[in-house]
Amino acid sequence: MQETLYPLFAEKMQTERLANGLLVNMIARPNFHKTYAILTVDFGSIDDTFTTEQGEKITVPAGIAHFLEHKLFEKKDHDAFDLFGKYGADANAFTSYTRTSYLFATTSHLDECMNVLLDFVQTPYFTEQTVAKEKGIIEQEIKMYDDDPSWQLYQKTMANLYPGSQLSLDIAGSASSIAQITAQDLYTCYRYFYQPSNMNLFVIGNFVPDELLAVIKQNQAQKTFPEKVVPQRFFTPLAQPVVPQTVVPLAVKVPKVMLGIRGTEALPMNREGLKKKVALELLLHLLFAETSPTYQELYDQGIVDDSFDYELQVERGFYFILVDGNTRQPEAFVAAIKEILQTAPTTVAKLTEELALAKKEFLGQTIKSINSLEAIANRYEGPLFGYATIFDLVPLVQEVTLADVLAATKIIDFDNLTINQVVPQ
Amino acid sequence: MEKEIYPGVTLTVIPTKQFTTTQIIVSFTGVIPDANYLTTRSLLAYMLETSSQKWPTQKAVAQKLSQMYGASFGTTINRRGRTHSLSFVAGVVHDKYLQTDTDLVQEAVMFLKEMIFHPLVKEGAFDEDTFKLQKSNLATYMESVDEDPRLMALYGLRSHYFDDPSQKVPQFGTPATLKDVTNQDLYQAYRTMVTKDQVNIIVTGDVDPAIIMGLVATLPLGPRTKLDSTIQYDQPAQGSVRKVTVKQQLQQTKLNFMYHLPLDLNSNDFFAAIVFNALFGGDPQSKLFMNVREKSSMAYYASSNFDVLRNVLWVQTGIETANKEKVKYLVAAQLAALQQGDFTMATVENIKKSLINERISREDTQATLGTRALIGNLLGRQYSTAEWCQRIKNITKDDIVTIAQRASLQLVYCLEGGH
C-alpha cells in the first residue's frame, strides 16, 4: 500500500487501488474505539442522462440514484440492515447530487461487517414488487420535507440557479418521477455506475490495515465484475440563465430570504481547486461572519438575526454560494447583502488583519474536525480535490493569501444571482 | 480526577490523548420552581453567550474566539427531571498543533471567567439594548419551533400530558412568560445562578490535572448548598386515555403517544428500560420500525423514547391521515406483544449488541465524556463503560416484560394534516 504521512498529527493514510479498480484508503487510530467505513459510488442525482454501451443516449427518471440507494439494502431473503444488526453495527447511506455512499460504524466484528458492506452493495436485487413497496416509503419522505419551509426555500433557490438542469430537482425526485422507475431502470444504472473502478472505500478507526485489506481482497477475488465501461455523462447546469427572483407564501411567521450565486468558471479538480475552495470560504467568512465589518450593524438593526447563515458548496461539475436568514425586514436584508457583494473587491483589499484572524479560525476548526472519524472519511472527495484529506487542509489554509481571496471575488456576478423569499401567507 | 473545590462546586478532570482539543464545561444547576424560571434562564443563556464587560458585542466575542484559533464557545440549557442546567462550554485546539507559543487552555479559562462572571451589567441590570435584542431573538426562536411540525407535535404531546406547569412547557420556556420578563428579573436570575446553583466544572483533553486545578482556582466561586431534592418527576397514571387532535395545514400527519412509565433510578429498572425501549421503537430492529414502517409501510418514521427522569415513554409517528386508526392499533399491538413476552431473545441479543456498540462508540466523541461526567455527578453515580455493558448483557426476558407491563398509555396526540 502507498503511504501518505501527516507527521504533525502522527497519522498515516495507506492507499491501494485493487485490481478491479476499487480505491481503498485506510487510516488506523489505535486509541479510538470504533471503526468507520464508507463506500462511495461516483453516481448522484445529476447523473440521469448518459450513453449506454451501444452508444445510445438515455435519460432515467429523476430520483433514481436515491431510489437505488434505498433498494440496495433489500435482497431476496434478507435486508442488509439485519445483517449489520446481527453484529450490533450501525449502518446508513445517503445520496447527494454527485455521489451515493454506504457506511457502517462498529466496535466489533469488523471483518464480518466489511464483507456485509461489500456484498450488499455489489449484489443487486431488484423486482417490480420491491420497487413498488419502496415508492410508498420515499413518497412519505418527500412529503415530510414538503412541510419544511426552509427546505422549500432551498429547493426554489436551486431551481432558480440551475433551471432546466438536474440540479433544479429534489435529489429524491418527485412522486410522479419515482412512479415511473422500474426494476430494469435500476439494473441499468447499476451496470453503468456501480463498478469498482467508479467507487472508493475509506476506512478509519481502531483496526489493522494489512489485515483488513486482506479481507477486502479476498472478498473481491471471489466475485466477477462486468467489463469496465465509462459512460459519457451529460450535465449542463449553466445552459439556462438564472431566474432572478421568486416570492413564495408558506406557513411561516417570519420571512425567510435566500440569495444564491452560481459559479461559472470551472474549478480545477486537484489541490489547486481545493485551495480555491478555501479562498472562497475565507471570502464568505470575511464578508458575512460575525466578525465582518457589517454584520454587527445589521444585527443591531434587526436586519439579520441568529439564523443568518452562508455556505459554499463545491461538487463535481458545479459550485455555488448561498446567503440566507430569517428577517422581519426582507427588503433591507436583500439590499444589505447585495451591497456587501457588490463592494466586496474594494472591501476585501483592506482586510489584511481580518484575513490573518480568519486563517487562525479556519486552522483551529480544521484541527478540531480531525477529532471526528466521520468528518475525515465523509469529506474525502476522491479525484474532486486531487485525493486530498482534511489533513491536507492544514497547510493549505496557511498558504492562502489576500491575493487568492481577492481572486475569489470573481464569483460575484449579479447575472448569476438569484434572490428568493418565503413569506407568511 | 474529581475534587470538591467547595461544598456544591466540583471539578472533574479527564486527561486523554485521544482528541486534538481540550473541552471545558462550567455548568450551573438548580431546581425548577415554576415555568417562568425556564424562560428567564433561557434568556440568560442568550445574554451570557453574546456579551460581557470586556466583549460587549457578538462581534467582539467572535473576534476573541477567532484569535484563540477558532475556539468554540456556547451556552446550553438542559432540563433533567425537576432540575435545570445552564452550561458554558468552551473548546480549544491543543497548542502542539499550532507550532506557536500559545497557551490556549489558560486563555479559555480566562475567557470563561469573563463571560460568566463579568456580564454586561450596570447598576443591577443588563445593558438595556442588548436585553431587548436578545429577548427578541429568543422570541423568534420560540416561533421557529412552530414551523417544524415534528417538534410541534412533540411539544404538543408534552404540554397536554404534564399537569405540573413547569413540566408542561418546553425547556426554553414560552412566549407568554417571555413577554413579562424584566431586566431586573433577569439580573436576579443571574445572581441566583452564580451564588446558589450547584456548580460542576468538567475538563477533558490532553491536560495536566494540577495545572487545571490552578486555573480553576482563579474563578470567583464560593460554597453553596448542594442539590438535595429528588431529580425525578413523577405523575401518577390516570385510568383513562385522553385524546387530543389539532388540525394543521400539513402534508404529513404526526401521531404521538405518551405513556406513564415509572422507573426506580437506583435499581436495574434503568438498564431494563434501555433494552425495552430499543426493542419497542428505539432501534431499526425494533417492533415499531419493523411492523409499522417496514412491513406495513404505514409510516415514514415510527420510534420510541423514554425519559427516566420524568417517568415517561413516548412514541412518535409520521403517517398518512387516512391510516390514523390503523397506526393506533399497530402501535398498541407492538406494546402488547412486549407485555406478553411475544418477542425473541435472538432479536434482544442483537439489540443489546447494538446498544453496546453505540455506548463504546460514543467514547470517540469528546463531548460525551463531559456530559456523562456531568450527569453522573448530578445523579450521584456513574457507570464505567464496562459496567454499563455488563448490566445491559444481564437483562433477561422477564426484566423486559416487567418494564413493558408498567407502561400505561395516557395520551394520544394528533397533529392532523390535510386541511
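The values are calculated or read from the model by the stated rules, or taken from the named source; none is laboratory data. None of these values were measured; they are calculated from a predicted model. Positions of Cβ are generated from backbone atoms using ideal geometry, with glycine treated the same way; all protein chains shown enter the neighbour counts. All accessible areas refer to the heavy atoms of the entire protein, side chains included, with ligands and DNA or RNA removed. Shrake-Rupley method; radii C 1.70, N 1.55, O 1.52, S 1.80 Å.
Among the conditions (1) in contact (Cβ under 8 Å) with a residue 60 or more places away in the chain; (2) over 24 Å from A:GLU354 (Cβ atoms), the only one that A:SER372 does not satisfy is (1). Here B:VAL312 meets each of (1) buried (at least 24 other Cβ atoms within 10 Å of the Cβ); (2) in contact with a Ser or Thr (Cβ under 7 Å, 6 or more places away or on another chain) with one exception, condition (2). Residues that are within 24 Å of B:ASN137 (Cα to Cα) and more than 14 Å from every other protein chain (Cβ to nearest Cβ) within the stretch A:249-286 comprise A:VAL257, A:MET258, A:LEU259, A:LEU284, listed in sequence order. Taking into account only those residues within the stretch B:115-124 that are out of contact with any Pro (no Cβ under 8 Å at 6 or more places or on another chain) and surrounded by fewer than 16 Cβ atoms within 10 Å (Cβ to Cβ), which is nearest to the other protein chains (Cβ to nearest Cβ)? Residue satisfying both the conditions and the ranking: B:LYS122. Among the residues of the stretch B:46-58, those that are of a type in the set (Ser, Thr, Tyr) and open to solvent by less than 20 Å² (accessible area, probe 1.4 Å) comprise B:THR50, B:SER51, B:SER52. When residues in the stretch A:119-135 are screened for being more than 13 Å from every other protein chain (Cβ to nearest Cβ) and either outside any helix (DSSP H, G or I) or open to solvent by 20 Å² or more (accessible area, probe 1.4 Å) (or both), 8 of them pass. Scanning the stretch A:293-315 for residues that are in contact with a helix residue (DSSP H, G or I) (Cβ under 6 Å, 6 or more places away or on another chain) and in contact (Cβ under 8 Å) with a residue 60 or more places away in the chain turns up just one, A:VAL314. Among the residues examined, A:ASP146 does not qualify as open to solvent by 10 Å² or more (accessible area, probe 1.4 Å) and touching a residue at least 60 places away in the same chain (Cβ under 8 Å).
Residue by residue through the stretch A:368-393, note down the ones that are in a helix (DSSP H, G or I) and either more than 21 Å from the chain's Cα centre (by Cα) or of a type in the set (Asp, Glu) (or both). Once the filter is applied, which keeps residues that are in a helix (DSSP H, G or I) and either more than 21 Å from the chain's Cα centre (by Cα) or of a type in the set (Asp, Glu) (or both), the stretch A:368-393 yields A:GLU374, A:ASP392. For the stretch A:357-378, indicate whether the set of residues that are surrounded by fewer than 19 Cβ atoms within 10 Å (Cβ to Cβ), more than 9 Å from chain B (Cβ to nearest Cβ), within 17 Å of A:LYS276 (Cβ to Cβ) and out of contact with any Gly (no Cβ under 9 Å at 6 or more places or on another chain) is non-empty. No: the stretch A:357-378 contains no residue that is surrounded by fewer than 19 Cβ atoms within 10 Å (Cβ to Cβ), more than 9 Å from chain B (Cβ to nearest Cβ), within 17 Å of A:LYS276 (Cβ to Cβ) and out of contact with any Gly (no Cβ under 9 Å at 6 or more places or on another chain). Taking the stretch B:59-87 as the range and being open to solvent by 20 Å² or more (accessible area, probe 1.4 Å), under 18 Å from A:LYS360 (Cα atoms) and among the polar types (S, T, N, Q) as the test, the residues that pass are B:GLN63, B:GLN67, B:SER72. Summed over the stretch A:38-93, residues that are assigned to a loop (DSSP other than H, G, I, E, B), of a type in the set (Gly, Ala, Ser), more than 14 Å from chain B (Cβ to nearest Cβ) and open to solvent by less than 30 Å² (accessible area, probe 1.4 Å) total 4. Summed over the stretch A:167-219, the residues that are over 24 Å from the mean Cα position of the chain (by Cα) and among the polar types (S, T, N, Q) give a count of 7. If we scan the stretch B:78-88, do we find a residue that is assigned to a strand (DSSP E or B), in contact (Cβ under 8 Å) with a residue 24 or more places away in the chain, away from chain A (no Cβ under 13 Å) and over 15 Å from B:THR371 (Cβ atoms)? Scanning the stretch B:78-88 turns up at least one residue that is assigned to a strand (DSSP E or B), in contact (Cβ under 8 Å) with a residue 24 or more places away in the chain, away from chain A (no Cβ under 13 Å) and over 15 Å from B:THR371 (Cβ atoms). Note on the stretch B:234-262: residues that are in a loop (DSSP other than H, G, I, E, B) and open to solvent by 10 Å² or more (accessible area, probe 1.4 Å) amount to 13.
Per the listing B:ARG406, B:ARG381, the residue uniquely surrounded by fewer than 21 Cβ atoms within 10 Å (Cβ to Cβ) and under 20 Å from the mean Cα position of the chain (by Cα) is B:ARG381. Sort through A:GLU315, A:GLU339 and tell me the only one that's more than 14 Å from chain B (Cβ to nearest Cβ), at pLDDT 95 or above and in contact with a Gly (Cβ under 9 Å, 6 or more places away or on another chain). Criteria check complete, one pass: A:GLU315.
Taking the numbered list (1) within 14 Å of chain B (Cβ to nearest Cβ); (2) free of Cβ contacts under 8 Å to residues at least 24 places away in the same chain in turn, A:VAL116 passes all entries but (2). Among helices (runs of 4 or more DSSP H) entirely within the stretch B:268-366, having at least 1 residues that are within 19 Å of the chain's Cα centre (by Cα) and either hydroxyl-bearing (Ser, Thr, Tyr) or away from chain A (no Cβ under 14 Å) (or both) singles out B:269-277.
Residues that are farther than 30 Å from A:SER45 by Cβ and open to solvent by less than 20 Å² (accessible area, probe 1.4 Å) within the stretch A:299-332 comprise A:TYR299, A:ILE303, A:VAL304, A:THR327, listed in sequence order. Of all the numbered requirements in (1) facing chain A (nearest Cβ under 9 Å); (2) open to solvent by less than 30 Å² (accessible area, probe 1.4 Å); (3) more than 26 Å from B:SER27 (Cα to Cα), B:ILE395 misses one, and that requirement is (1). Just so you know, in the stretch A:195-210 the residues that are outside any loop (DSSP other than H, G, I, E, B) and farther than 11 Å from A:GLN14 by Cα include one that is farthest from the other protein chains (Cβ to nearest Cβ), and it is A:SER197. The residues of the stretch A:7-37 that are within 13 Å of another protein chain (Cβ to nearest Cβ), open to solvent by 20 Å² or more (accessible area, probe 1.4 Å) and not in a loop (DSSP other than H, G, I, E, B), listed by number, are A:PRO7, A:LEU8, A:PHE9, A:GLU11. Screening the stretch B:125-145 for residues that are more than 18 Å from A:LEU298 (Cβ to Cβ) and either facing chain A (nearest Cβ under 7 Å) or of a type in the set (S, T, N, Q) (or both) and picking the one that is most open to solvent (accessible area, probe 1.4 Å) gives B:GLU143.
Scanning the stretch A:227-242 for residues that are in contact with a strand residue (DSSP E or B) (Cβ under 6 Å, 6 or more places away or on another chain), farther than 27 Å from A:LEU417 by Cα and surrounded by 12 or more Cβ atoms within 10 Å (Cβ to Cβ) returns a single hit, A:PRO231. Taken together, A:GLU227, A:GLU211 contain a single residue that is farther than 30 Å from A:GLN54 by Cβ and out of contact with any helix residue (DSSP H, G or I) (no Cβ under 6 Å at 6 or more places or on another chain), which is A:GLU211. Given the criteria open to solvent by less than 10 Å² (accessible area, probe 1.4 Å) and within 14 Å of chain A (Cβ to nearest Cβ), does B:LEU369 qualify? In short, no.
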